[in-house]
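To start, the structure under review is shown below, and the notes come after it.
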Amino acid sequence: MSASERFERARESEGLSGALSVLRRRWLIVVGVTLACVLISVARHERASKSYSATASVAFQSGTLPDAALQIFPSSSTEPQREANTEVLIAHSPEVAEGVRRQLNITTSPKVLLEQVQVEVAPNADILEISASSGDPEYAAQLANSFAEQYIAFTARSELAGIASAQRNLESQIATLPAGSSERATLQQSLQRLGELKAVAGGGASIIGRATTPGSPTGKSLSSAVAIGLLIGLALAFALVFLLESLDRRIKTIEECEREYRLPALAGVPQGAFRAARADQREELLEPYRILRSALDFVAVTHRLDTLLITSAVSGEGKTTVAVDLAHTVALTGRRVVLIELDLRRPTIAAHFDLHPDGGLTSVLTGGGELTDFLVEPLSELPNFSVLPAGRLPHNPAELLGSPRVAEIIDELSGEDGIVIVDAPPLNPVADAQVLIGNPAIHAALIVARIDRVTRDEARRARAILDRHMVEPVGIVVTGLRDGSRYGYEPYGEPPKAPKAGETSVAGSPRSRGSESRRARL
């Protein structure tokens, strides 16, 4: 499987691990938004006015007493739901509310009373559930019981009125019939039964459950408010996190760098390795570059690395610091190293070694002196380490870098057992780096990518530029890692003493000098 196929497969299989990585980076947003929503939900719960609800249950009877006494069964008796709805409307009528107002001796209008009461029919039963809500629990119970009582009273009055009306109707019919007739006798019996029903009028409805004073307010409890706030907070937090992630195109992890550049990450450099401006002040922070040096040893088995160009997609990714410290680390093995600054727009190597910025490569290119006049040894303990700074800034850097003299200088500085490390401009903003990677004297390129600095689009453009040239990129160095311990850079035992000149490695063992099989290895 080729490297590009491997990185494409990794891109397809990121799935859950990618989502977890997003949450790990944005956990502060998740916690903050969730906590805020919980606090808001709890505050609203505490500040909301308390409402207490009490319910009285009333059993009602289908049909009317006069109809039952006269053995009349109207068609509506076959529609129990219609009768139940009728009872609901009666219990929730202004007439009943007016009776409640008089019973409780309050000034509240019937309309307001009706807004405080809700009447429903219990499922599959001839029972009315009369619920009253109020900020006063005792008043809520009184209101529900009063509505139940006034409903029964209204029903009784209605039944008495119905009985009286039926009696008058029967009496008028009896007066028209001859005495002794069977029909007159039947009507007189019905009239007698109606008289007997007056004693039990209103008995068809009864309270089967009186409302009691509620002990706690209705609505959601504090635990429910916390749960609702938590759910809403998590939903908002996840939506916000993934919205920000979709809008933020910056590369966040080493794995993303590998996918976008389609190159292996040879080393990761923590943010702390950049805290010192001077190269001689970073000697205790060179461990990531020793790892990089070892990785390049293995790369050198199959690639020629005697001239190594170091660049990045955009500025500010730390390519110059990587070039300086890598050159320093390789020089510690005893191998001859020349660091050439070919960034003729923003040269900074002079600041790393406290060099005078006037003389340098541009002076050699413009005939202002010999090459040996501008080579400096910035670290006295490493005479095998030389630096050729950029010098004065030219007005035509791209044309100057494209001159044949640049290739001659690189060839002249790369000896039998030496390595030339080139600090090049970034790939995307200017054409200078593209000119250099087309130079036949450059044999390999190393890309520097900074976490939270380079975007995915910038990385893809840089990779497209590399694909158009013959120089093969051998890998990437990821800088700006915030959690150095996650990548193995935490202190391990006692810190070693600073290595001296002549320190050996696979790359620069004195025994390997002059060996043609290892001539291109670091």
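The values are calculated or read from the model by the stated rules, or taken from the named source; none is laboratory data. Everything numeric in this text was worked out from a predicted model, so none of it was measured. Ideal geometry is used to build each Cβ from the backbone, glycine not excepted, and the neighbour counts take in all protein chains shown. These area figures cover heavy atoms from the full protein model, side chains too; ligands, DNA and RNA do not enter into them. Shrake-Rupley method; radii C 1.70, N 1.55, O 1.52, S 1.80 Å.
Any residue in region 27-46 that is at pLDDT below 85 and on the phi > 0 side of the Ramachandran plot? Checked region 27-46: no residue is at pLDDT below 85 and on the phi > 0 side of the Ramachandran plot. Can you pull out every residue in region 242-258 that is surrounded by fewer than 21 Cβ atoms within 10 Å (Cβ to Cβ), assigned to a helix (DSSP H, G or I) and not small (Gly, Ala, Ser)? Across region 242-258, the qualifying residues are 242, 243, 244, 245, 247, 254, 255. None of 382, 446 is under 21 Å from residue 308 (Cβ atoms) and crowded, with 22+ Cβ neighbours inside 10 Å except 446. Taking the numbered list (1) over 30 Å from residue 240 (Cα atoms); (2) modelled with pLDDT under 80; (3) of a type outside the set (Gly, Ala, Ser) in turn, residue 89 passes all entries but (2).
In this structure, residue 196 does not satisfy being exposed (fewer than 15 other Cβ atoms within 10 Å of the Cβ), modelled with pLDDT of 75 or more, charged (D, E, K, R) and in a helix (DSSP H, G or I). The set of residues in region 339-364 being of a type outside the set (Gly, Ala, Ser) and open to solvent by 30 Å² or more (accessible area, probe 1.4 Å) consists of 345, 346, 347, 348, 354, 355, 356, 357, 358. Among the residues making up region 100-120, those that are open to solvent by 50 Å² or more (accessible area, probe 1.4 Å) and in contact with a strand residue (DSSP E or B) (Cβ under 7 Å, 6 or more places away or on another chain) are 116, 118, 120. Quick check on my filter: what residues within region 310-331 are in a helix (DSSP H, G or I) and open to solvent by 10 Å² or more (accessible area, probe 1.4 Å)? If the condition is that a residue be in a helix (DSSP H, G or I) and open to solvent by 10 Å² or more (accessible area, probe 1.4 Å), then 319, 320, 321 are the ones that fit.
Listed by position, the strands (runs of 3 or more DSSP E) contained in region 332-443 that have at least 2 residues being farther than 19 Å from residue 473 by Cβ and within 46 Å of the chain's Cα centre (by Cα) are 336-341.
Can you name every residue in region 121-152 that is open to solvent by 10 Å² or more (accessible area, probe 1.4 Å), part of a helix (DSSP H, G or I) and touching a residue at least 24 places away in the same chain (Cβ under 8 Å)? Selection gives 137, 138, 142, 145, 149, 150, 152.
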